[in-house]
Amino acid sequence: MGTTPRTSEHAGDTPSAPRWPLLAWALTGLVVAASLIVRVVNRGPYYPGFDLSGVANGLYVISTRGSFTDTLVYVLRQSREYGAPFPHYSVLAALVPGYLTALWPWEYWADVVTFAGVVISGVLLLRATQLPLRHGWVLLLAWAASPAMLSFSVTGFAWASAFLPLALALWITLDPRLRRRPLVTIVLCLLTNELTWHVYEFGKSAFLVFTLAALMLRDVPPTHRAIWLVAAALQAWGVFTGGSHHVGSFELMAFPDLATIARGLRLVGERLFVTPYLDVPVLLVAALATCFAPTRIRIFLLTLLLSQVGLLVLLAVFTPDGSHLRPRRYLTVDFYAIALVASFWRDAVTAGTNAGLRALLLALLAAGNVWQVTDLVRFVRAPIPRDPNINFGFTLPYTHSPSDYLVRLSDVDWALELYDRVERGERLLLVYNLSAHDENVTNPEAILERLYVRVGHQRFVDSVLVFGSKPCRHTCLPIRPMDQLGPALDALQVNPERLGSLTGYVVEQHEFDAPEFAVERSQIMAELARRFTLVMESPPDAKFVRFRLTPRQAGGGS
């Protein structure tokens, strides 16, 4: 009986076949790289203030808590007790970029960490679906068919961090090799559970992966089913007993009737297929197309995808205008869509089957790539206007949100001016703090955070005088308490030679300033006027008025 040597993983491979995967890797890699680079370059420094929330807080905690052990314990505790839905206290979103910033102050460390997390999630997907590396370009092709995925892969705030625990859970449940290693599985399940406390909230749905895997997958040893179910129970218990504001909203939501669900489905469909707002719909269509060649694993992945669609429907019905439907909340649907594509491609190329469906899938994903590139070109050609009345907007495509993640260009310009002055050796006195309207919790401009991560903790303390009663919003910063205002100004008064290198700024009053800021602003300006002569260097109608301090003339009062 003759045998055919298995010189390749796939039926139909020939000695020349390896050239095609290399060419596919090159082409898809070029599209992804170009799409990401254009996004980053076009955005420049005009990123939303939220992008710095985690890293600035991490830098502050690192710089003020003392030892590494004390810092880590504090962050681990706060990650469970702090009620915000975003990972301000997170090893991934705060400590890692915070330590990098402490070593080398730079405003983009959070972006680098986010991108690294997305890449690691992709590698875990390859392992989970057992897609050979030479065919891993399909993941890139699917990734590049989603402009939302591309945009959130290069943001500083950890929206895309939700992929990490989901990808790890898929690897744990889908890789047959781990079913022979219960101790390794337990360790990885514990790691997954811990990760859910350090990522964007949708990553907490990892317990669904373990639950559905235990119920749906075949050829799983009873021991591993039990491990998965225990891991799911522990993680779900943590989600619903230490939940954030958003989790609490889901808990309080009454289950809608069929008519309300239908309205929610219609709204989600409109936001995706009629007026694409959540994302380009091609990736979802391609993922659903793979289910024409169903397997147990793809039914499992489809169920996970539909669970995320279900969460979107609940968000849609929670607010009649659909304002809670935002592209960042669609990302987990895209994630499972990519997993479906990878699973199908692995089976098809290994067995050499479903040639027609493979061709359809490639056509759909290629169309998605063309669509997102065309959208990107259109986005870049329509820059945000700098008109004082409308100089805010979104600086990455498919990151829109009704009330947050906006960028006000003039505020960023001011932050850049502050940094340039510190770089020239000047000291700053800012009549501005976290209670100013621009630093509201819904859409903070993060003026102080932008300066803080660019110059580092100690240089900020030495070079920037900021006073206020609240050193923390979501982020904590080295803001001096108001009772230090008098002594600090007295020190300047007795050393007038230091005034030449000091530049002051005061922000105009805003009707929505926090009440304490109005009081603090008046108090600071009064104390300055009592000790110094203020020479205003900006037009009186400017938002950020620059001033210089000069010694009061003899007999000028005090």
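The values are calculated or read from the model by the stated rules, or taken from the named source; none is laboratory data. Because the structure is predicted, anything quoted here is derived from the model rather than measured. Neighbour counts run over all protein chains shown; Cβ positions are idealised from the backbone, glycine included. Only protein heavy atoms, including side chains, enter the accessible area calculation; ligands, DNA and RNA are left aside. Shrake-Rupley method; radii C 1.70, N 1.55, O 1.52, S 1.80 Å.
Considering all alpha-carbon pairs of region 334-401, what whole percent are spaced by more than 16 angstrom?
Working: 1463 of 2278 pairs.
More than 16 Å apart: 64 percent of the Cα pairs in region 334-401.
Here the sum of -39500 (n - 2.57) over DSSP H runs of 4 or more residues, divided by the residues of the chain, equals -18000 deg cm²/dmol at 222 nm, to the nearest 500. Taking the charge dipole of the chain about its Cα centre, with +1 at Lys and Arg Cβ atoms and -1 at Asp and Glu Cβ atoms, the residue from Leu465, Thr395, Leu340 reaching farthest to the positive side is Leu340. Computed from the alpha carbon atoms alone, the convex hull of region 334-472 holds 186 Å³ per residue.
Rounded to the nearest 20 Debye, what is the dipole magnitude of region 317-412 about its Cα centre when Lys and Arg each give +1 and Asp and Glu each give -1 at the C-beta?
Here the size comes out at about 160 debye.
Along its three principal directions, the equivalent ellipsoid of the chain from the Cα gyration tensor extends over semi-axes of 50, 25, 22 Å, largest first.
Can I get the semi-axes of region 154-287's equivalent ellipsoid? Compute them from the C-alpha gyration tensor as square roots of 5 times the eigenvalues, in angstrom, largest first. Could the numbers behind the result be given before it?
On the way: eigenvalues 175, 67, 57 Å².
So the equivalent ellipsoid measures 30, 18, 17 Å along its semi-axes.
The largest-to-smallest principal axis extents of the Cα set in region 488-547 are 37, 24, 15 Å. Rounded to a whole number, what is D in µm²/s for region 419-558 from Stokes-Einstein with the Kirkwood radius over alpha-carbon pairs (25 °C, 0.890 mPa s)? Answer from the Stokes-Einstein relation: 158 µm²/s.
At 20 °C and a viscosity of 1.002 mPa s, what translational diffusion coefficient does Stokes-Einstein give for region 236-371, taking Rh as the Kirkwood radius over Cα pairs? Give it in µm²/s as a whole number. Could you put the intermediate results ahead of the total?
Numbers: Rh = 16.3 Å.
Estimated diffusion coefficient is 131 µm²/s.
Run through every distinct alpha carbon pair of region 449-514 and return the Kirkwood hydrodynamic radius in angstroms, one decimal place. Hydrodynamic radius (Kirkwood, Cα only) of region 449-514 equals 13.7 Å. No disulfide-compatible partner, judged by a Cβ distance under 4.7 Å, exists for the following cysteines of the chain: Cys189, Cys291.
Using the Cα centre as the reference, give the magnitude of the dipole from point charges on the C-beta atoms of the chain (Lys, Arg: +1; Asp, Glu: -1; all else neutral), rounded to the nearest 20 debye. Kindly include the intermediate steps, with their values, before the conclusion.
Details: 47 positive and 43 negative charges, 343 e Å.
That gives the chain a dipole magnitude of about 1640 debye.
Using a probe radius of 1.4 angstrom, the carbon and sulfur fraction of the accessible surface of region 49-158 is 70%.
Would you mind getting the Kirkwood hydrodynamic radius of region 21-147 from its Cα pairs, rounded to one decimal in Å? Don't skip to the answer; put the middle values down first.
Numbers: mean 1/r = 0.0601 Å⁻¹.
Hydrodynamic radius (Kirkwood, Cα only) of region 21-147 equals 16.6 Å.
How would region 272-338 be classified by its alpha-carbon gyration tensor: rounded, prolate or oblate, with rounded meaning a/c under 1.5 and the a/b versus b/c comparison settling the rest? Prolate, since a/c reaches 1.5 and a/b exceeds b/c. Rolling a 1.4 Å probe across the protein heavy atoms gives the chain an accessible surface of 43 Å² per residue.
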